[in-house]
Amino acid sequence: MIRAPKAWMPYLLALAALIFAIVAASSLWILGDRTLQRESRQQLQGEVQIGGPFSLIDQNGQRRTDADFRGRHTLVFFGFTNCPDVCPTTLATISEALNKLGPKADGVVPIFISIDPQRDTPAALKPYLASFGPRFVGLTGTEAEVAKAARAYGVYYQKVPLDAGGYSMNHSSIIYLMGRDGKYLAHYQLEAGPDALAADLAKRL
Ligand code: NI
């Protein structure tokens, strides 16, 4: 009983030190976490640096640059005419969505940029895109011109040899909505479907 106060002192001091350490550590952790949050927010803002200058040839053989589309929205999609499923489905989805939009669709140019310029000449693009309606601008160019455009949009693509001979192309398949100033506004996955795409476009245009 009598020696108790003195005997407890070291424990109390140790407990106080422990509590202090925990509080100090957790406030440092919170500060660190805030810094992380700020950094990841900046990274997100960096990620929307999608799009940029391009200079390519359209399906009529005319040279077109990004500046030609200022004042109109664009829906930009990268693909290739020999694509068995994803590209034709995406083009059909875009076409259907724009048809659902009505007159608002006149302010939107859907642009299909080939990542297979070896086979996708202007002459190859023209009938292919016409089969999805009259709206599409098809763009192709040299390997270097296509690579530059793809890089600007953060699009991945790669040639894949086929067992049966020839090759296919792996590529990312995101639809980008760009504003009248050419700046990124939104992106869509194919799974969205024509109704969801039309609904979102109606809100943004
Ligand atoms: Ni494809």
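The values are calculated or read from the model by the stated rules, or taken from the named source; none is laboratory data. Keep in mind that what you see is a predicted model, and the values were worked out from it rather than measured. Every residue, glycine as well, gets a Cβ built from its backbone with ideal geometry; the counts of neighbours run over all protein chains shown. With ligands, DNA and RNA removed, areas are computed over all heavy atoms of the protein, side chains included. Shrake-Rupley method; radii C 1.70, N 1.55, O 1.52, S 1.80 Å.
Below are the figures for this structure:
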| read-out | value |
| --- | --- |
| Placed amide H near R119: partners under 5 Å, 5+ positions off or other chain | none |
| Using θ = phi - 60° and Karplus 6.51 cos²θ - 1.76 cosθ + 1.60, couplings along the range 186-201 (whole Hz; Gly, Pro as x) | 6, 9, 9, 9, 4, 4, 4, x, x, 5, 5, 5, 4, 5, 5, 4 |
| Label-point gap, in nm, between A164 and V86 - each point 7 angstrom along Cα→Cβ | 1.9 nm |
| Estimated distance in nm for a label pair at A67 and A199, the labels positioned 7 Å out from Cα along Cα-to-Cβ | 4.0 nm |
| Where labels lie 7 Å past Cα in the beta-carbon direction, separation of Q118 and A144 in nm | 1.9 nm |
| Heavy-atom accessible surface of the range 85-205: percent carbon and sulfur, 1.4 Å | 56 percent |
| Amide hydrogen neighbours beyond the local backbone of L185, cut-off 5 Å, H modeled | L177, M178, G179 |
| Average accessible surface area per residue within the range 49-205, 1.4 Å rolling probe, Å² | 47 Å² |
